[in-house]
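K.L.:
Below is the structure I would like to discuss, written out as structure tokens.
Readers should treat all values here as calculations from the given coordinates under stated rules, not as data from a laboratory. This structure is a prediction, so every number in the text was calculated from the model and none was measured. No Cβ is skipped: glycine too gets one built from the backbone with ideal geometry, and neighbour counts run over all protein chains shown.
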Amino acid sequence: QVQLVESGGGLVQAGGSLRLSCAASGTILSINAMGWYRQAPGKQRDLVAGITRGGTTNYSDSVKGRFTISRDNVKNTVYLQMNSLKPEGTPIYLCNLDVTYYSRRAYYTDDYWGQGTQVTVSS
């Protein structure tokens, strides 16, 4: 009922920038909270940034001042602008959306994850 497609990862030099996107499609009524997580190989998944439907944002201390999360409620898309990137291994960034959708004559709210996109920052 809901599909998420991430894009924007890749290889960048230290100090550079990347912009991640996560677009949702399907029988969506609304998307509530949206967030970006980061997971390094063999480590737990950590919240990087989150944004409510109303636009309130929160960030992990490690990215404050460098990353900006935003959303487009018409396009059902969440973005993560990453500036001043630092070499931190090869983590995968995943979007997470809390989606209310329509299926089989009823509405449901579920948590959806993107497929993940790798970000590599070279020193």
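K.L.:
Please compute the net charge surrounding Arg53, taking Lys and Arg as +1 and Asp and Glu as -1 over other residues with Cβ under 13 Å from its Cβ.
P.N.:
-1
K.L.:
Continuing with the same structure: Tell me, which longest segment in the chain has none of the trypsin sites (Lys or Arg not before Pro) that fall in DSSP loops with at most 13 further Cβ atoms within 10 Å?
P.N.:
Details: sites that count: Lys43, Arg53, Lys64, Lys75, Arg104, Arg105.
Answer from the scan: 1-42.
K.L.:
Would you mind counting up the charge near Asn83? Only other residues with Cβ under 11 Å from its Cβ, with Lys and Arg at +1 and Asp and Glu at -1.
P.N.:
+3
K.L.:
If you take every DSSP beta bridge fully contained in the chain, what fraction is antiparallel? Give it as a percent rounded to 5. Present the calculation step by step, with values, prior to reporting the outcome.
P.N.:
Numbers: 46 of 50 bridges.
Counting DSSP beta bridges with both partners in the chain, the antiparallel share is about 90 percent.
K.L.:
Evaluate Rg over Rh across the chain, taking Cα atoms for both radii and Kirkwood's formula for Rh.
P.N.:
0.99
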